[in-house]
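Read the structure below first, then the notes.
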Amino acid sequence: TAQSAPGGFGTWEAVPAAEDGGMPQCSYAARRLLCARPGQVFALDPADGSTLWRHPVAEAVRSEPPVVSGGLVQPEVGLLGPLEALDPATGEPEWQEDMPAYDGLRTVGDMLLLTRADGMVTGVDSASGKTKWTHRVPGQAVPYFTSFAGERKPAAYATSQSGDGRRTRVTAVDPASGDVRWDAELAGTLTPVGTADGSLFLVAEGATYSDVEAVVRYTPATGATRRVELPIPVEQASASAGVRGDTVYLMGAGGSLVAVDTAAGKQAWRLETGVSRGSAPVSDGRHVYVTAPDGRLLGVDAREGRLLGQTRPRLGAESDKVPASLPAPLLAGGHVYAGAPDGTVFGVSGRDPGAW
């Protein structure tokens, strides 16, 4: 049930699924919250959390939320069975296509990229489900892609490390054609974590696996590379980062939330949150938001690294299970949305985390 809040925005929480427990994976697109749990995808009204539609899907361990690509909802339920796309207004299927076996799936722009174990990549048009191209990516034996929302020209990024771990090859692929836009070899064992202003941001692993010791900014147009060393490595943060302007935010497995200013070339601040295995952080420029495994949403001052507020825990019947992937908070229209282990999705105002 929606509750009134300052500014006309209703602070709400909803349990849109019949089953108990299970953290929903959500994204924001087409003026809807598009969420998924094992067995179904559903759409919520971001104003009050009311359910707009539900659609059954195959049971699968989810690591990604549904997304809108080609104007349609792509459930991305897993690596088995046919692909399908849904009408974002009704949840009804628009197309369904059987595909050859594949081992990797990534939505980039208006395309679905399917990677086979032998390295062959297939580009499928998201709007129609029709295959547009199939070929290998030069220099990448088996390319599993990463992509980032908000790019003017969306790209699919594939990486591969040299045998001694001293170099990383990064290839940017045009999703519409499968052509290589640029290809670079950079020093270190690197993982892409975001893009901004024409640059790709990567984190560099240290001697201990997945411990981040530096942030690297690479600008393809000029070939310029800037590496910012961290005073203390961030534990297991290679896949937990967010980018806002020149700043990269890292969330470590031990609870360290770190802001790295790549323009100034230094760590801006570090906050020990005490959160184990937090989500990837996201920022609106004023605040940084992180989801905790117990369902809490934390709001942190983006300039000073001070904890400003947090919501209550939302533990459910499956609180003894570790989520396969902890979904990051969503920012839209000054509001923050998150999922919790008890199966709820909730929304709060992003104006003042201290009031949560």
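Miscellaneous remarks
- Taken over the range 167-196, residues that are more than 18 Å from GLN140 (Cβ to Cβ) and out of contact with any Asp or Glu (no Cβ under 8 Å at 6 or more places or on another chain) amount to 3.
- Residue among ALA259, ALA253, ALA268, ALA264 that is of a type outside the set (Phe, Trp, Tyr) and open to solvent by less than 10 Å² (accessible area, probe 1.4 Å): ALA259
- Single unsatisfied condition, ARG62 versus (1) within 30 Å of GLY350 (Cα to Cα); (2) at pLDDT 90 or above; (3) surrounded by 18 or more Cβ atoms within 10 Å (Cβ to Cβ): (2)
- Restricted to the range 1-23, and to residues there that are buried (at least 21 other Cβ atoms within 10 Å of the Cβ) and either among the aromatic types (Phe, Trp, Tyr) or touching a Leu at 6+ places or on another chain (Cβ under 9 Å) (or both), the residue that is modelled with the highest pLDDT is TRP12.
Residue by residue, here is whether (1) closer than 30 Å to THR291 by Cβ; (2) charged (D, E, K, R); (3) open to solvent by less than 40 Å² (accessible area, probe 1.4 Å) holds:
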position	(1), (2), (3)
ALA176	no, no, no
THR219	no, no, yes
ALA224	no, no, no
GLU229	yes, yes, no
ILE232	yes, no, no
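- If you go through the range 109-130 and pick out every residue that is assigned to a loop (DSSP other than H, G, I, E, B), of a type in the set (Ser, Thr, Tyr) and in contact with a Ser or Thr (Cβ under 6 Å, 6 or more places away or on another chain), you end up with 1.
- Tally of residues being open to solvent by 80 Å² or more (accessible area, probe 1.4 Å) and part of a strand (DSSP E or B) across the range 234-250: 1
- Of the residues making up the range 342-354, at least one is among the basic types (Lys, Arg) and either over 20 Å from the mean Cα position of the chain (by Cα) or not in a loop (DSSP other than H, G, I, E, B) (or both).
- Taking the criterion of being in a loop (DSSP other than H, G, I, E, B) and either crowded, with 21+ Cβ neighbours inside 10 Å or touching a helix residue (DSSP H, G or I) at 6+ places or on another chain (Cβ under 9 Å) (or both), the residues of the range 285-307 that qualify are ALA292, GLY295, ALA302.
- Restricting attention to the range 176-201, the residues that are out of contact with any Phe, Trp or Tyr (no Cβ under 7 Å at 6 or more places or on another chain) and among the aliphatic types (A, V, I, L, M) total 5.
- Check on GLN310, out of contact with any helix residue (DSSP H, G or I) (no Cβ under 9 Å at 6 or more places or on another chain) and of a type in the set (S, T, N, Q): no
- ARG169, sole failed condition from (1) under 23 Å from the mean Cα position of the chain (by Cα); (2) within 27 Å of LEU83 (Cβ to Cβ); (3) modelled with pLDDT of 95 or more; (4) surrounded by fewer than 17 Cβ atoms within 10 Å (Cβ to Cβ): (2)
- Matching residues, the range 330-344, being at pLDDT below 95 and over 18 Å from GLY285 (Cβ atoms): GLY339, ALA340, PRO341, ASP342, GLY343, THR344
- Output for the range 73-108, where each listed residue is surrounded by 15 or more Cβ atoms within 10 Å (Cβ to Cβ), modelled with pLDDT of 95 or more, among the small types (Gly, Ala, Ser) and not in a strand (DSSP E or B): GLY91
Yes/no per residue for (1) touching a strand residue (DSSP E or B) at 6+ places or on another chain (Cβ under 8 Å); (2) touching a residue at least 60 places away in the same chain (Cβ under 8 Å):
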residue: VAL215; (1), (2): yes, no
residue: ILE232; (1), (2): yes, no
residue: VAL248; (1), (2): yes, no
residue: GLY265; (1), (2): yes, no
residue: ALA280; (1), (2): yes, no
residue: HIS287; (1), (2): yes, yes
residue: PRO293; (1), (2): no, no
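The values are calculated or read from the model by the stated rules, or taken from the named source; none is laboratory data. Keep in mind it's a predicted model, so treat the numbers as computed, not measured. FYI the Cβ positions are ideal-geometry reconstructions off the backbone, even for glycines, and counts take in every protein chain you see. Just so you know, the surface numbers come from the protein's heavy atoms only, side chains and all, with ligands and any DNA or RNA stripped out. Shrake-Rupley method; radii C 1.70, N 1.55, O 1.52, S 1.80 Å.
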